[in-house]
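Right, one structure below, let's go through it.
Please treat every number below as a calculation from the coordinates, not as lab data. On a predicted model such as this, the values are computed, not experimentally measured, just so you know. With ideal geometry, Cβ positions are generated from the backbone for all residues, glycine too; neighbour counts draw on all protein chains shown.
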């Protein structure tokens with residue numbers, strides 16, 4: 001049974017949310033999905049609420065998705081962006097946010113290269129904080145929209161088998177997905193080259209598989225992550241060509257399986273590396289549904305946090 005409001009004043013990470021919180025977000029997102037699919041897509045739910053989007057790290061999809069969600073709810077939106085090199089000290093970060101909060105901002109949506117930056121802010125400023133990605137730590141709204149999309153396709157996720165494939169070591173999406181799926185009762189396996197699997201990830205209660213075919217034969221859903229070259233300070237595999245050969249998901253491989261696997265990808269897609277175009281654009285793929293659901297999930301979170309003002 002879900003509650004009528006979130007148990008937390010912020011959305012800093014999936015590990016801070018309860019299963020009831022997640023189910024409440026899903027139920028609210030279902031209502032907002034109806035809103036964004038009707039001719040008049042705007043509701044006055046966040047009228048007189050000011051939301052600051054603070055992106056200290058480059059983003060396109062997440063920033064646009066949040067901005068669209070805010071505008072669909074009739075919020076006043078302030079956008080701030082800075083390169084990751086321009087904000088290096090916690091004090092500078094706090095000064096920047098305080099300057100924006102002096103404009104009477106009610107919520108802050110924040111992406112930052114430093115793990116823990118949104119949590120740091122939540123302890124120092126009087127505004128609701130939504131983590132839009134902090135370093136290699138968490139990306140809670142992506143995990144929520146991923147799980148919501150899986151639930152739409154497969155129903156209750158309890159007992160479902162999900163394989164998270166690719167660059168697990170550098171992925172905040174992987175960590176948030178693991179937390180979220182486990183709270184919803186799904187089984188999780190991570191798959192990728194040994195150099196891109198964190199050493200102690202098995203302690204989180206997930207399986208580890210280094211063979212792509214075996215992972216695909218096991219799972220109901222394959223959530224495929226991109227190779228994050230920008231986060232890799234050393235060479236983790238010989239070449240992208242070799243990675244694609246051993247860990248790239250292609251149509252020939254999928255067609256050789258004895259079942260149909262649901263294909264997901266949080267984007268951006270490195271076509272021809274971790275996934276081929278004929279897979280990304282196939283009927284098995286729900287990648288575009290993930291994008292649509294991202295707006296509904298973010299509308300739900302903004303709405304539920306505004307209710308705690």
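Centre-to-centre separation between the Cα atoms of region 251-309 and those of region 110-146: 21 Å. Each distinct pair of alpha carbons in region 1-43 adds a 1/r term; the inverse of their mean, the Kirkwood radius, is 11.6 Å.
Could you work out the relative contact order of region 38-86, using alpha carbon pairs under 8 angstrom and six or more residues apart, expressed as a whole percent? Across region 38-86, relative contact order equals 51 percent. Each residue in 104, 153 was given a count of other beta-carbon atoms within 10 angstrom of its own, and listing them fewest first yields 104, 153.
Would you please classify the overall shape of region 22-85 from the alpha carbon gyration tensor, given that a ≥ b ≥ c denote the square roots of the eigenvalues, rounded means a/c under 1.5, and beyond that prolate means a/b larger than b/c while oblate covers the rest? Taking the square roots of the gyration eigenvalues as a ≥ b ≥ c, region 22-85 is prolate. Candidate values [x] 56, 42, 35; [y] 59, 53, 39; [z] 56, 41, 38 were compared with Cα extents along the principal axes in Å computed on the shown model; the agreeing label is [x]. Assign one of three labels to region 114-219, namely rounded, prolate or oblate, based on the Cα gyration tensor with a ≥ b ≥ c the square roots of its eigenvalues; rounded applies when a/c is under 1.5, prolate when it is not and a/b is larger than b/c, and oblate otherwise. It is oblate, given that a/c is not under 1.5 and a/b is not larger than b/c.
Cβ crowding within 10 Å ranks 251, 308 as 308, 251, fewest other Cβ atoms first. The alpha carbon gyration tensor of region 35-162 gives principal lengths a ≥ b ≥ c with a/c of 1.5 or higher and a/b no greater than b/c, which makes the shape oblate. Counting only Cα atoms, region 140-290 measures 40, 33, 26 Å along its principal axes, largest extent leading. Put the Cα centre of region 56-76 next to the Cα centre of region 1-52 and the gap is 14 Å. Label positions at residue 217 and residue 102, each projected 7 Å from the Cα along the C-beta direction, are separated by 6.4 nm. Under the criterion of Cα pairs below 8 Å and six or more residues apart, the relative contact order for region 140-290 equals 24 percent. Ranked by how many other Cβ atoms sit within 10 Å of their own Cβ, fewest first, the residues 78, 162 fall in the order 78, 162.
Here the spin labels are modelled as points 7 Å beyond Cα on the Cα-Cβ line, and at residue 71 and residue 199 they lie 4.7 nm apart.
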